[in-house]
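Written out below as structure tokens is the structure these notes cover.
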Amino acid sequence: MKNVSLKIDDSIFRETEKILSHIKKPRNRYINEAIAYYNRIQKRLLLEKKLKKESELVKQDSVAVLSEFEKIDYVD
């Protein structure tokens, strides 16, 4: 495990301490879980951004291919 020193806004610290007194969880565990949760959210947002970018890159090609398929005269 790594030691990290951080500064927390007073209001956030007070709110955290109040919550911790009710859920009976160590502050360190609570902060670790909060960071892990936030990391998952950020990973999803990064993936969403990447997928949107890649989707835009292939969009023109997809439209061109679809246009070519529409021009094909299907014979039964």
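Only the coordinates and a few stated rules stand behind these numbers; no lab work does. No experiment lies behind these values; they were computed from the predicted model shown. Cβ: placed from backbone, ideal geometry, glycine included. Neighbour counts: every protein chain shown.
Among the lysines in segment 10-71, how many pairs, 8 or more places apart or on different chains, have alpha carbons under 30 Å apart?
11
Provide the gained length on full extension for the span Asn3 to Ser67, in nm with one decimal, where the gain is 0.36 nm per separating residue minus the Cα-Cα distance.
The span from Asn3 to Ser67 would gain 17.2 nm if fully extended.
Which loop-located chymotrypsin sites (Phe, Trp or Tyr not before Pro) does the chain contain, where loop means any DSSP state but H, G, I, E or B and the Cβ has at most 16 other Cβ atoms within 10 Å? Mind showing how you got there, number by number?
On the way: sites: Phe13, Tyr30, Tyr37, Tyr38, Phe69, Tyr74; in loops: Tyr74.
Loop-located and lightly packed - Tyr74.
Among the trypsin sites (Lys or Arg not before Pro) within the chain, which fall in a DSSP loop and have no more than 14 other Cβ atoms within 10 Å of their own Cβ? Walk me through the numbers on the way to the answer.
Values: sites: Lys2, Lys7, Arg14, Lys18, Lys24, Arg27, Arg29, Arg40, Lys43, Arg44, Lys49, Lys50, Lys52, Lys53, Lys59, Lys71; in loops: Lys2, Lys7, Lys24.
The qualifying sites are Lys2, Lys7, Lys24.
If you line up the long axis of helix 27-71 against the longest principal axis of the chain, both from Cα atoms, how many degrees apart are they, to the nearest 10?
Rounded to the nearest ten degrees, it is 10.
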